[in-house]
1. Size of the stretch 57-192 along its principal axes in angstrom, Cα-based, largest extent first?
2. What fraction of the Cα pairs in the stretch 1-46, stated in percent, has a spacing above 16 angstrom?
3. To the nearest 500 deg cm²/dmol, what mean residue ellipticity at 222 nm is calculated for the chain from DSSP H runs of n ≥ 4 alone, each contributing -39,500 (n - 2.57), summed and divided by the residues?
4. Assign unit charges at the C-beta atoms only (+1 for Lys and Arg, -1 for Asp and Glu), then state the dipole size of the chain relative to its Cα centre in Debye, rounded to the nearest 20.
5. Spin-label point model (7 Å from Cα, Cβ direction): what's the Asp176 to Gln190 distance in nm?
6. Between Ile114, Ile144, Ile15, find the one with the highest GNM mean-square fluctuation for the chain; connect C-alpha pairs within less than 10 Å.
7. So what is Rg over Rh here for the stretch 3-125, counting just Cα atoms and using Kirkwood for Rh?
8. In a shell of Cβ-Cβ distance under 12 Å around Arg16, excluding Arg16 itself, what net charge do Lys and Arg (+1) and Asp and Glu (-1) give?
Amino acid sequence: MELTERQHQIVNTAIRLIASQGIQNLTIKNLAQAIGFSEPALYRHFDSKYAILEAILQRFESVTRQVRQLMEQQPPVSGIRKIDIFLTHRYQLFAADPEFARVLFSEEIFQNEITLSRLLLGIMDEHRTLLVQAIRQAQSESEIRSDIGFNHLFHIIVGSMRLLVNRWCYSGYAFDLVAEGQALWQAIRQIIQT
C-alpha cells in the first residue's frame with residue numbers, strides 16, 4: 001500500500017509517540033493531538049490504530065526490499081560483502097531514525113495482534129533468508145568458516161547486532177552506532193573468517 005504524504009506524517013508521529021511514551025499511550029486521541037488533527041480527521045487517513053501499526057511494519061518491509069536490491073547488485077558481490085551491506089544498511093538506517101529502531105526492537109508491541117505478529121515474523125524470516133543466503137555463499141566461497149552451521153552464524157551476527165542496537169537505544173543514543181556496529185562486525189569477521 002502506497003502511503004500519502006499525510007499518512008507518512010501520521011506514521012512518523014506514531015513512531016515518535018511509541019518511542020517516547022510506549023505503546024500504551026498510542027491512542028487515536030493522543031496521536032490526533034500530537035499532529036494537530038481532530039480524531040475524525042485522523043480516521044479519514046487510517047481507520048484504526050491497528051492500521052497505523054500495520055503501516056509501521058510495512059515501512060520496515062519496504063526497507064528490507066531496499067537492502068535486498070543492494071545485496072543483489074550487479075556485478076555480483078561476494079557473500080561476505082553481502083553480509084557487510086546488510087549490517088551497514090541496518091546501522092545507518094537506525095542511526096538516521098533512532099525512534100524507528102526503538103519501535104522495531106520492541107516486538108512485544110505487535111505480539112497481541114495475530115495479523116501484526118505474522119507480518120513481523122514474515123519480515124524477520126525475510127531478513128533471515130537474506131543473511132543465510134549470504135552466509136552460505138560466503139562459506140561456499142571459503143570466506144568464512146564452514147565448520148560452524150549457517151544457523152549459528154546467523155544468530156551470532158544478528159544477535160550481536162540486536163544487542164548493540166538495544167544498548168544504543170537504552171543509552172539514549174550515547175555512542176556512534178554506525179562506528180560501533182562496524183567495529184563489532186570486524187571483530188565477528190575475525191572470528192568466523194577462514
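1. Projected onto its principal axes, the Cα set of the stretch 57-192 covers 41, 34, 29 Å.
2. Details: 317 of 1035 pairs.
In whole percent, the long-distance tail amounts to 31.
3. On the way: 9 runs with 142 residues, N = 194.
After summing the helix terms and dividing by residue count, I get -24000 deg cm²/dmol.
4. On the way: 19 positive and 20 negative charges, 21 e Å.
In total the dipole reaches around 100 debye.
5. According to this spin-label approximation, the distance is 1.8 nm.
6. Ile114
7. Working: Rg = 16.1 Å, Rh = 15.6 Å.
Using only Cα positions, Rg/Rh for the stretch 3-125 is 1.03.
8. On the way: positive: Arg102; negative: Asp97, Glu99.
So the environment of Arg16 carries a net charge of -1.
No lab work stands behind these numbers, since they all come straight from the coordinates. The shown structure was predicted, so the numbers you read here are calculated from the model rather than taken from an experiment. Reconstructed Cβ throughout: ideal geometry from the backbone, glycine too, with neighbour counts over all protein chains shown.
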